[in-house]
Amino acid sequence: MASAHEIASHLGRSRRDFLRSAAGLALGSSLVSGSPFLHGETAALKRKVIVVTFGGGARDQETFAPEGQVNIPHMLNELAPQSSFFTQTMNRGILGHYVATASLATGVYETLNNFSAVPPEHPTVFEYFRKDLHRPSSNAWVVAPSNGFNRIGESDSRGYGPGTGARVILPKHLLTAAANGNNGGYDHLLRDNYETPLYTPQIAGGEVELEQLDRILKLSVADFTAHARTVSSPDELSVYIAKRLMQQESPSLLWITMHDIDVAHSGAYSLYIDAIQRTDRLCAELWKEVQSNPEYAGNTTLFILPDFGRDADEDAGGNGFQHHRTGDAASRTTWMMALGAGVRQGVVYDRPVQSIDLVPTLGAMMGFSPKLSQGKPITELL
Ligand SMILES: [Zn+2]
């Protein structure tokens with residue numbers, strides 16, 4: 001039987017080999033060209049970063065491994081060839097969606113209770129970004145599913161904390177507020193959590209959300225609810241809101257947490273695959289919005305990565321794709337792509353990087369110091 005290390009390195013190798021041959025990507029180690037990093041103060045001021053978590057929980061074998069590539073035509077054919085691609089992105093923390101996303105956002109493996117609406121313990125990327133670069137609250141936004149994520153925008157860390165982080169928008173809560181108790185027809189968009197259906201954290205009242213809709217997104221309740229009737233999943237609603245935020249607020253740091261894929265907990269493989277295909281399409285749609293929005297085109301770096309994987313079919317302690325309970329190699333080994341401003345195109349890097357390396361990398365790219373992060377900047381992106 002292969003060790004966890006062997007399985008992880010095999011996953012990385014198979015993805016790399018495919019990408020090299022199919023998309024004509026070069027191996028990072030063979031590159032000699034200099035960094036295309038944007039220099040100068042004007043470039044730094046205009047620079048924007050969008051992070052998309054390809055969530056919640058997607059395995060290699062349904063994404064970038066050879067047998068999964070049929071599910072991700074947009075990322076494979078449109079985005080990967082433009083990207084620096086990291087084949088072994090390891091998550092060594094707790095494999096729950098909120099706690100893992102919080103870890104991605106702080107650069108520390110957080111240990112908070114995944115099923116409670118508590119803030120991350122360490123400062124978030126949004127707090128570092130705003131404090132060091134003196135940015136207003138309108139410059140950092142999170143679009144997230146509802147289950148606990150309402151606290152992800154800021155920590156309660158000393159010197160940072162309430163009022164210093166990102167504003168968080170929860171499209172499902174917006175829709176609940178806008179529908180005003182008349183949720184008929186929206187049930188498929190309001191489903192909040194695939195693991196603990198009874199968990200619904202108390203968060204701010206509907207007025208706050210309706211105010212976001214009207215003042216920030218410049219959307220009437222009627223237009224928003226009419227649009228909601230045309231979308232088929234919560235992530236589609238999230239991307240609609242994210243695009244609206246880009247058009248109205250143009251945040252320089254925008255974080256979008258996808259979550260449709262976690263429908264896998266229901267045990268229906270076809271729904272899991274549908275969600276991966278949808279997320280693939282939504283990632284391409286966001287990249288298209290970047291290109292067509294003058295505030296973003298040419299100065300935006302997009303990161304796409306799963307929060308973590310899911311259990312391997314071979315692991316007797318789990319039930320395959322359905323959950324992420326075993327902590328095996330398949331559930332801890334994922335990928336990450338970065339594309340756009342300042343990033344080398346069409347390069348595959350095989351060395352392992354970690355989830356917690358994202359924040360220090362963003363800090364080095366954008367010019368802020370994530371002092372308490374425990375990850376390391378990914379030098380290949382700098
Ligand atoms: Zn899950």
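Meeting the requirement of 2 or more residues that are among the hydroxyl-bearing types (Ser, Thr, Tyr), the strands (runs of 3 or more DSSP E) wholly within region 281-382 are 300-305, 333-340.
Here Ser146 fits the description: in a loop (DSSP other than H, G, I, E, B), among the small types (Gly, Ala, Ser) and touching a residue at least 12 places away in the same chain (Cβ under 8 Å). When every residue of region 188-195 is checked against the conditions, at least one turns out to be modelled with pLDDT under 90, away from the ligand (no atom under 16 Å from the Cβ) and either over 27 Å from Gly320 (Cβ atoms) or more than 22 Å from the chain's Cα centre (by Cα) (or both).
Which residue out of Gln61, Gln69 is among the polar types (S, T, N, Q) and touching a Gly at 6+ places or on another chain (Cβ under 7 Å)?
Gln61 is the lone residue from the list that is among the polar types (S, T, N, Q) and touching a Gly at 6+ places or on another chain (Cβ under 7 Å).
The residue that is nearest to Phe64 (Cα to Cα), counting only those in region 322-336 that are touching a helix residue (DSSP H, G or I) at 6+ places or on another chain (Cβ under 6 Å) and more than 16 Å from the ligand (Cβ to nearest atom), is Thr333. Remark: pairs (first residue in region 245-273, on the phi > 0 side of the Ramachandran plot; second residue hydroxyl-bearing (Ser, Thr, Tyr) and more than 15 Å from the ligand (Cβ to nearest atom); Cβ separation under 9 Å; 6+ apart in sequence or on different chains) = Ser250/Ser138; Ser250/Tyr296. Selection of region 250-273 for residues being more than 16 Å from the ligand (Cβ to nearest atom) and surrounded by fewer than 21 Cβ atoms within 10 Å (Cβ to Cβ) yields Ser250, Ser270. All but one of (1) more than 16 Å from the ligand (Cβ to nearest atom); (2) out of contact with any helix residue (DSSP H, G or I) (no Cβ under 9 Å at 6 or more places or on another chain); (3) not hydrophobic (A, V, I, L, M, F, W, C) hold for Gly96; state the number of the condition that does not hold. (1) is the only condition that Gly96 fails.
The values are calculated or read from the model by the stated rules, or taken from the named source; none is laboratory data. Computed from a predicted model, the values in this text were never measured in an experiment. Please note: Cβ atoms are built from the backbone with ideal geometry, for glycine as well, and neighbour counts cover all protein chains shown.
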